[in-house]
Amino acid sequence: MKKKVILCPNPYKDCNLSVTLEAKDILERAGVETVVCPEFLDEQPAGIPSDIRCTDLYDALPGAALVVSLGGDGTIMHTIRRMIGYDVPVLGVNLGTVGFLAELERGDLGVLPAAAAGRFTPSLRMMLHIEVERAGTVVFSNYALNDVSLQGIVQMIHMTVRGDGRKILEFSGDGVVISSPTGSTAYSMSAGGPLVEPEAENLIVTPVCAHALAARSFVLSPERVVTVELGDLRGKAVFSVDGGCFDGQGGDILRVRKAEYRTMIAHVSEKGFYDIVFEKLRERK
């Protein structure tokens with residue numbers, strides 16, 4: 001049976017889908033069926049060449065051997081959240097800047113046929129399930145691969161953080177980040193949080209610019225349920241889930257737990273986590 005690979009480009013990053021078409025040609029010459037499922041179509045339909053037949057990702061996922069996401073880390077996270085419930089590995093092609101989640105650069109497309117044939121190492125990643133409760137009602141629910149953050153806009157906000165109902169932190173500051181191990185190299189790291197191997201399973205709680213000496217980052221067991229209660233607001237606060245925003249209100253309760261789903265990243269590089277950290281994060285002179 002012919003293998004099917006889904007190509008999910010971001011038209012903002014892949015102008016005229018030039019990289020996608022190159023990947024499509026390489027795969028089809030190797031006898032692999034391809035389906036093009038661009039992301040953010042409703043935001044930039046003009047970025048798709050008129051002769052490219054596009055399919056919705058949900059229609060293409062059944063029977064797929066691999067999903068190739070072409071863009072930056074934001075594109076990969078967006079694709080992964082749309083794939084919740086489907087056990088299909090994801091391989092990222094970096095068309096952005098740092099690209100921690102992406103295994104390949106544009107010059108590496110020649111390995112795609114081997115990846116489509118299953119010649120990769122599966123890297124299973126824990127995901128987060130996120131809810132926001134307001135006045136006793138859940139008003140927001142979603143999944144994240146990297147993190148969820150609560151951030152004050154212009155003014156500091158007051159937060160109480162608990163693990164399984166027991167107080168961990170109470171402080172005022174710019175916000176707090178709750179990340180998965182995969183997300184430990186993102187916003188959490190820039191706020192002073194630890195780097196955690198991406199295949200580990202932990203909940204990482206990192207205060208952002210806390211106005212308290214005792215406010216430090218915590219690494220928690222994946223069995224914990226982390227809650228953050230937002231105090232009274234004089235300004236504005238937002239929840240950010242893998243970059244997508246949702247407005248907060250005073251008294252909101254953010255609830256984060258390990259999701260019932262995991263993501264499989266197709267690892268095709270010989271580089272390990274430590275090699276990637278050094279390469280991506282070293283200071284360039």
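In summary, Gly118 fulfils each of the numbered conditions (1) free of Cβ contacts under 8 Å to residues at least 60 places away in the same chain; (2) open to solvent by 60 Å² or more (accessible area, probe 1.4 Å); (3) on the phi > 0 side of the Ramachandran plot with the single exception of condition (2). Comparison of Val196, Val177 shows that the only residue that is open to solvent by less than 60 Å² (accessible area, probe 1.4 Å), in contact with a Phe, Trp or Tyr (Cβ under 8 Å, 6 or more places away or on another chain) and either at pLDDT 95 or above or of a type in the set (Val, Ile, Thr) (or both) is Val177.
One residue stands out in segment 50-71 among those that are over 13 Å from Pro9 (Cβ atoms) and in a helix (DSSP H, G or I): the one that is least open to solvent (accessible area, probe 1.4 Å), namely Ala60.
Among the candidates Leu124, Leu91, Leu128, the residue that is exposed (fewer than 14 other Cβ atoms within 10 Å of the Cβ), modelled with pLDDT of 95 or more, within 24 Å of Ile80 (Cα to Cα) and of a type in the set (A, V, I, L, M) is uniquely Leu124.
Checking Arg284, Arg234, Arg257 one by one, the residue that is modelled with pLDDT of 95 or more, charged (D, E, K, R) and surrounded by fewer than 20 Cβ atoms within 10 Å (Cβ to Cβ) is Arg257 and no other. With a requirement of 1 or more residues that are in contact with a His (Cβ under 8 Å, 6 or more places away or on another chain), the strands (runs of 3 or more DSSP E) lying completely within segment 180-240 that satisfy it span 226-230.
Residues of segment 100-110 include none that is closer than 23 Å to Cys245 by Cβ, touching a Phe, Trp or Tyr at 6+ places or on another chain (Cβ under 9 Å) and not basic (Lys, Arg). If the requirement is being open to solvent by less than 50 Å² (accessible area, probe 1.4 Å) and at pLDDT below 95, which of these qualifies: Val277, Val205? Just a single option satisfies the conditions, and that option is Val277. Candidates are the residues of segment 8-35 that are out of contact with any strand residue (DSSP E or B) (no Cβ under 6 Å at 6 or more places or on another chain) and in a loop (DSSP other than H, G, I, E, B); the one that is most open to solvent (accessible area, probe 1.4 Å) is Tyr12. Within segment 35-55, the set of residues being modelled with pLDDT under 90 and either among the hydrophobic types (A, V, I, L, M, F, W, C) or under 22 Å from the mean Cα position of the chain (by Cα) (or both) comprises Glu39, Phe40, Leu41, Asp42, Glu43, Gln44, Ala46, Ile48, Ile52, Cys54. Here Thr160 fulfils each of the conditions (1) touching a Gly at 6+ places or on another chain (Cβ under 6 Å); (2) of a type in the set (S, T, N, Q); (3) farther than 30 Å from Gly85 by Cα; (4) open to solvent by less than 40 Å² (accessible area, probe 1.4 Å) apart from (1). Taken over segment 163-174, residues that are within 28 Å of Ile76 (Cα to Cα) and open to solvent by less than 50 Å² (accessible area, probe 1.4 Å) amount to 0.
Of all residues in segment 141-154, none are open to solvent by 20 Å² or more (accessible area, probe 1.4 Å), over 26 Å from Ala30 (Cα atoms) and in contact with a Pro (Cβ under 8 Å, 6 or more places away or on another chain).
The values are calculated or read from the model by the stated rules, or taken from the named source; none is laboratory data. Here the structure is a predicted model, which is why all the values come from computation and not from measurement. Cβ sites come from the backbone with ideal geometry, for glycine too, and all protein chains shown count toward neighbours. When the accessible area is computed, the model is the full protein with side chains, heavy atoms only, and any ligands, DNA or RNA have been set aside. Shrake-Rupley method; radii C 1.70, N 1.55, O 1.52, S 1.80 Å.
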